[in-house]
Amino acid sequence: MNIKVGTGFDAHAFGPGNSVALGGITLEHDHGVIAHSDGDVLLHALCDALLGAAGLGDIGQHFPDSDPQWRGMASSGFVTAVMALLHERGYAVGNADLTLLAQAPRIGPHREAICQHIAGLLGVARDCVNLKATTTEYLGFIGRAEGLAALATVLLVSNSVA
Ligand code: MG
């Protein structure tokens, strides 16, 4: 068995609006997110971790924000498209560990729904997806609630010997 690890990071600024997409779930919030797509930092970081583990570059190469077809796109579609690339190459996800960095919104009440949704996108059992959250203790752009960010680490497994 061949195993590969990948990491991802994403950040978006808050802007006008009243909801934030996180891990494919829409959370009510006193701001929206400025983004070409739905600005889902968890799923964008996850896509980069998946692509990184497979040696397939990054999300910007596959879904450039200069391309109007991705405007307002629900980011679950990005993950599904990335998973298709991985399946073509014989990869499956071992586990995914994600961290949200935000002063707000708090994801506690939504954590289970987010993990269930991501597990479905990745085709893994619920216990193969972990979601952590932290504030930055009011430090930096996250602490000032100017935006939010996410980190993702993914393990891919394949039966190839390459
Ligand atoms: Mg992004």
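The values are calculated or read from the model by the stated rules, or taken from the named source; none is laboratory data. What you see is a predicted model, and the numbers here were worked out from it, not measured in a lab. Heads up, the Cβs are rebuilt from the backbone with ideal geometry, glycines too, and the neighbour counts pull from every protein chain shown. Side chains included, ligands, DNA and RNA excluded: accessible areas come from the protein's heavy atoms. Shrake-Rupley method; radii C 1.70, N 1.55, O 1.52, S 1.80 Å.
Some points to look at:
- Taken about its Cα centre, region 14-144 carries a charge dipole of roughly 160 debye when the Cβ of each Lys and Arg holds +1 and the Cβ of each Asp and Glu holds -1.
- Once C-alpha pairs closer than 8 Å and six or more residues apart are averaged by separation and normalised to the residue number of region 18-70, the relative contact order reads 26 percent.
- Full extension of the segment from H87 to R106, taken as 0.36 nm per residue of separation minus the current Cα-Cα distance, would add 3.5 nm.
- Table column - 3J(HN,Hα) (Hz), region 122-138, Karplus curve with 6.51, -1.76, 1.60, x for Gly and Pro: 8, x, 10, 5, 3, 6, 8, 10, 10, 10, 10, 9, 9, 8, 10, 6, 6
- Electrostatic dipole magnitude of region 102-162 [Cβ: Lys, Arg +1; Asp, Glu -1; Cα centre; debye, to 20]: 60 debye
- Rolling a 1.4 Å probe over the protein heavy atoms gives the chain an accessible area of 48 Å² per residue.
- Rg then Dmax, both in Å and based on the Cα atoms of region 67-162: 15.6, 47.
- Region 14-144 - percent relative contact order, Cα under 8 Å, separation 6 or more: 23 percent
- For S160 and V5, the difference between the fully extended length at 0.36 nm per residue and the C-alpha to C-alpha distance is 54.3 nm.
- Convex hull volume per residue, computed on the Cα atoms of region 1-129, equals 98 Å³.
- Relative packing of 56-66, 144-154, which averages over residues the other C-beta atoms within 10 Å, highest first: 144-154, 56-66
- Rolling a 1.4 angstrom probe over region 1-128 with all protein chains present gives an accessible area of which 52% lies on carbon and sulfur atoms.
- Note on the chain: helix-only mean residue ellipticity at 222 nm, from DSSP H runs of 4+ residues weighted -39500 (n - 2.57) and normalised by residue number, equals -8500 deg cm²/dmol.
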